[in-house]
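So the structure is just underneath, and the comments pick up after that.
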Amino acid sequence: MKFITSILSSVLVLFSSRAAFVAGVFLFLRVCAYADWPTTFREDFNDNSRHWNVGTFQGGAATIQDGVYTVKKMDRFGSWFLTQVPFIDFSLDYEIEVKVRWLAGTVTNGFGINWASRGQTNMNGFLVAANKSYKVYQNSFGRYNDLVSWTPSEAIVGAKEWNTLTIQKRGSAVNLLINGSTLTSLPEVPVFGREISIVLNDEMMIEIDYLEVRQDLPPIKVAPDAPKDVSRVNLGSQVNCEGGDLAPVITADGKRIYFGRYPFEGNTGSPEAQDVYYTDLQKNGTWGPAINAGLPWNNESANYLISITPDGNTAVLGNTYFPNGQPKGPGASVSHRTADGWTVPEDVYIDNYYNRNKYAEMCLDPSGRVMIMTIERDDTYGEKDLYVSIKDKRGIFSSPRNCGQVVNTWGNEVSPFMAADGITLYFATDGRRGYGSMDIWMTKRLDETWVKWSEPLNLGPFINTEGWDAYFTVPAKGDYAYLSTSNPENNSADLYSVKLTKGVRPNPVFLVSGRVLDSKTKKPVAASVEYEDLTTNRPAGSARSAPKDGAYKVSLPAGTLYGFRAEAEGYYPISDQLDARDLKEYKELNRDLFLVPLKKDQTVTLTNVFFDFSSTDVRKESYPELNRLVEFLEKNSTVSIEIYGHTDNVGTDSDNLKLSQERVNAVKSYLVSKSISEKRMKAIGFGESKPLSSNNTEEGRQKNRRVEFKIVNI
């Protein structure tokens, strides 16, 4: 307290005016605040627990002894980079400091520190030389630029004396100091990556006393109800190998996991080229032996699965393929299940797609309409960012759009996974303070633009470790997650499962499965399955039925009223509906979908035509169903139909007959308003006279309340 009083007294003498006094006190408090920043990383070289390069090697040697790191570079050519990757939030203020001295060698070339760097072609550098000069430079994607050429400074002490180099970020500016004296200030410094490196150029010998990072970091924002006291369970030796098992993608029903494997001697091409494998859930709850997915997915190049649709009949894979299955290049491809196996993957077209990074990860949302990807582009904030691309009616995905700074950081976003609800996105990043070098986070989509997201939340220390965690995948039920993380026993990447708590699960969904069948023969039909939001009259997604047995599966998130149907050439679809507006928990349903052959005298039920109680007004939720009938009649100009209206037995016979006739007249009027000739249609109300089921139950009465049409001429 006496010290602070003394300093403030000095400030009073120094600043005579009130304004100057306030400015001086603010400056003093600001300096004190920075001085009190916690140390987030410090290396004193008391041991080599951080695995610095030591020993004798080509062109030099290095030792750690008595708290000093001594490095001798005997090669006159090139540079050495002695790298660490501590966590620094480069979007906030920070200080990086190294205490170093020159002992021998070249006096005109430099040693010092690189920061916010990535590899040897993207870096910011601050060097000093034994001749008491310094320089500042940048290397951006291999383009070198001296920001400050070699400049002498009296602040630098001589040979064999300790110099302390400090990098201070304040706002957007970065100040560079030697022994407490500011040498220069840079208005802005790009962030290429997380690396900081001690640098040696030319032939020389130096000693490093310490390396320190100081920063006032905010607390980790952990998801409420994040899992606690849960254990991650290794999927076992039947699944995991001694190489790397990574990038798991689980099917919506939770019964199969696809994943990548490398290095591994059993791969199709080189052991270093990744292959797609899968494992199936066994009856006893364990996972079966890993099986290579084989041709045509795997070839001599790197192969990996991006997403598989809930029905398991369409897969999106990384990279592209020639028609003969040989590797073609970067991008994404789609493969379909047939009666004879999987098709050779064909290109997925993404408008204006490019990626400045060596790596890319992608996923599809459950509808198959939206692709989330982590790539590096010209508008990326750091390394790879999250981007979104939406498929148009032609089947082409739009130019990738950055998802914004709420989710993206100066760091590296990787391994996106969109949950079955189409709302919850899991991803990993090293650009936020977490528990390890790469943590898994979750965020929620806020609107239909796909670029507005909730603030990401960390999944907590029972999912994230002190190491590297990524590739998080969750089945539709949301009870367990599967991820790839390092095995502490052998440092290989293994697949693990972990039980999820409600707070980190996705929103509930209906997982609807069944078969697509011919309504007359009851034989399976290979068809597309389309589903739509009846409240907004907008498509919600599509799927495919399996060619052999007609099986399909779709995931319908909570929150709206859905219509869904199968479509195939030569058939008219009978729609079904599902109300998920009040869905509170995950549910599985079985619904077969029927297709009516386009023949004379066939009758089709228009399931998704709705009226309010005792009303004849067609509700807007009916428009998608009626518009399909309009489209059918437009394409088939010789077809004429009879439209039938039916009711249950609630009310009098005469009232029900009148109501059914007025309702079917309203349907006919809608079709006429869409330019369908009135001469091609006849409307008949039958009231309660032709029930399909008993009127003794609500379910039966609901089946009896219906609108149908019959093909009279074709």
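The values are calculated or read from the model by the stated rules, or taken from the named source; none is laboratory data. Since we're looking at a predicted model, the values are computed, not measured. All Cβ positions, glycine included, derive from the backbone under ideal geometry; neighbour counts span all protein chains shown. Each accessible area value is taken on the protein alone, full model and side chains, heavy atoms only, with ligands, DNA and RNA left out. Shrake-Rupley method; radii C 1.70, N 1.55, O 1.52, S 1.80 Å.
Of note:
- Pairwise Cα inverse-distance average, inverted: Kirkwood Rh of the stretch 167-256 (Å): 20.0
- At R0 = 22 Å, FRET efficiency that the Cβ-Cβ distance of residue 153 and residue 46 yields, to 0.05: 0.10
- With the convex hull drawn around the C-alpha atoms of the stretch 398-517, the volume per residue stands at 152 Å³.
- Taking 21 Å as the straight-line reach from the Cα of residue 548, the lysines in range (excluding those fewer than 8 positions away in the same chain) are 255, 520, 522, 523.
- Projected label distance in nm at residue 401 and residue 328, using a 7 Å step from Cα toward the beta-carbon: 2.7
- Loop sites here are chymotrypsin sites (Phe, Trp or Tyr not before Pro) outside DSSP states H, G, I, E and B with no more than 10 other Cβ atoms within 10 Å. The longest part of the chain free of them is 142-612.
- Here's the list of lysines a cross-link from residue 99 could span, going by alpha-carbon distance under 26 Å and ignoring same-chain residues fewer than 8 apart: 72, 73, 132, 135, 160, 169.
- Lys, Arg +1 and Asp, Glu -1 on Cβ, resulting dipole of the stretch 377-494 about Cα centre, debye, nearest 20: 540
- Projecting the Cα atoms of 419, 643, 109 onto the charge dipole of the chain, computed from C-beta unit charges around the Cα centre, puts 643 farthest toward the positive end.
- Accessible solvent surface per residue of the stretch 204-247, calculated while the other protein chains remain in place, 1.4 angstrom probe, Å²: 46
- Taking each DSSP H run with n ≥ 4 as -39500 (n - 2.57) and averaging over every residue of the chain yields -3500 deg cm²/dmol at 222 nm.
- Three-way shape label, the stretch 164-315, alpha-carbon gyration tensor, a/c 1.5: prolate
- Local net charge near residue 509, Cβ-Cβ under 9 Å (Lys/Arg +1, Asp/Glu -1): +1
- Residue among 429, 450, 540 farthest towards the positive dipole end of the stretch 418-548, charges placed on Cβ: 540
- Legend: calculated FRET efficiency, residue 255 to residue 569, from the Cβ-Cβ distance at R0 = 22 Å, rounded to 0.05, equals 0.10.
- Annotation: per residue accessible area for the stretch 629-714 equals 54 Å², rounded to a whole number [probe 1.4 Å, protein chains only].
- Kirkwood estimate for the stretch 497-594, i.e. one over the average of 1/r between Cα atoms, Å: 14.3
- Protein heavy-atom accessible surface, 1.4 Å probe, per residue over the stretch 318-437: 40 Å².
- Share of carbon and sulfur in the accessible heavy-atom surface of the chain [1.4 Å probe, %]: 50
- Positive dipole terminus of the stretch 545-697, leading residue within 608, 590, 694 (C-beta point charges): 608
- Dipole in debye (nearest 20) - the stretch 559-714, about Cα centre, beta carbon charges: Lys, Arg +1; Asp, Glu -1: 480
- Residues in the stretch 563-593 reached by a label modelled at residue 619 [backbone nitrogen below 17 Å; 7 Å Cα→Cβ]: 563-564, 575-583
- A cut-off under 9 angstrom between Cβ atoms defines the neighbours of residue 406, and their net charge, with Lys, Arg +1 and Asp, Glu -1, is 0.
- Helices that extend 24 Å or more along their long axis by alpha-carbon positions and average at least 1.0 on the Kyte-Doolittle scale are, among the DSSP H runs of the chain, 18-35.
- Shape category assigned to the stretch 321-408 from the gyration tensor of Cα positions, a/c cut at 1.5: prolate
- Sites matching trypsin sites (Lys or Arg not before Pro) across the stretch 567-627 that sit in DSSP coil, with at most 14 neighbouring C-beta atoms within 10 Å: 581, 584, 599, 600, 619
- Across the chain, C-alpha contacts under 8 Å between residues 6 or more apart give a mean separation that, scaled by the residue count, equals a relative contact order of 8 percent.
- The mean of 1/r over all distinct Cα pairs in the chain, once inverted, gives the Kirkwood hydrodynamic radius of 30.0 Å.
- Heavy-atom SASA rank of 216, 146 (probe 1.4 Å, accessible area, largest first): 216, 146
- Cα pair distances exceeding 19 angstrom across the stretch 546-615, given as percent: 48
- Under 26 Å of direct C-alpha separation, and excluding same-chain neighbours fewer than eight residues apart, residue 668 reaches these lysines: 599, 600, 620, 635, 658, 679, 682, 690, 703, 710.
- Summing Cβ point charges (Lys, Arg +1; Asp, Glu -1) relative to the Cα centre of the chain gives a dipole of roughly 1500 debye.
- Along the chain, longest interval not containing exposed GluC sites (Glu not before Pro), exposed being DSSP loop plus at most 13 other Cβ atoms within 10 Å: 1-153
- Candidates per trypsin sites (Lys or Arg not before Pro) in the stretch 625-700, loop by DSSP, up to 15 other Cβ within 10 Å: 674
- The stretch 483-564: trypsin sites (Lys or Arg not before Pro) falling in loop per DSSP and having at most 13 other Cβ within 10 Å: 520, 522, 548
- With N the number of residues in the stretch 466-532, Rg(Cα) / (2.2 N^0.38 Å) evaluates to 1.78.
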